[in-house]
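Quick one: this structure, given as structure tokens, is what I'll be asking you about.
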Amino acid sequence: MKGLTSILFSLLFSTISLAEPLQIAQDPWPPFVDETAKGYGLSIEVVQAALKPKGYQFEINIVPWARALNGVKNGRYNILAAAWYTEERSKYLTYSDSYITNEV
């Protein structure tokens, strides 16, 4: 299975206070998300590189996939760092441009 990995944003960043850290959630998925790696893996590094210059701070939450997805849906988390596009998710999430292609 081939897919494009994107960052999923659960809300518009213009409404987020810079004083509060963005909550990034994702399940472990080395090398994209790896809590044992410096920088937490490629996907987390991409998110931080894209948003840190704008003044955002981050809190990383490595949790099971269902918890990450539901947490973004209900507003507990702001960002899923690495997720493939699906038609269903596009109904409630906003995707970034793809930043990598991978296969499973």
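Can you confirm whether the range 22-31 contains a residue that is modelled with pLDDT of 95 or more and either open to solvent by 90 Å² or more (accessible area, probe 1.4 Å) or charged (D, E, K, R) (or both)?
yes
Which ranges mark the strands (runs of 3 or more DSSP E) fully within the range 23-104 that have 3 or more residues being under 11 Å from the mean Cα position of the chain (by Cα)? It would help to see each step written out before you state the result.
Details: elements: 58-62, 79-84, 100-103.
Output list reads 58-62, 79-84.
The values are calculated or read from the model by the stated rules, or taken from the named source; none is laboratory data. These numbers were taken from a predicted model, which means no experiment stands behind them. Remember, those area values only see protein heavy atoms, side chains included, never the ligands or the DNA or RNA. Shrake-Rupley method; radii C 1.70, N 1.55, O 1.52, S 1.80 Å.
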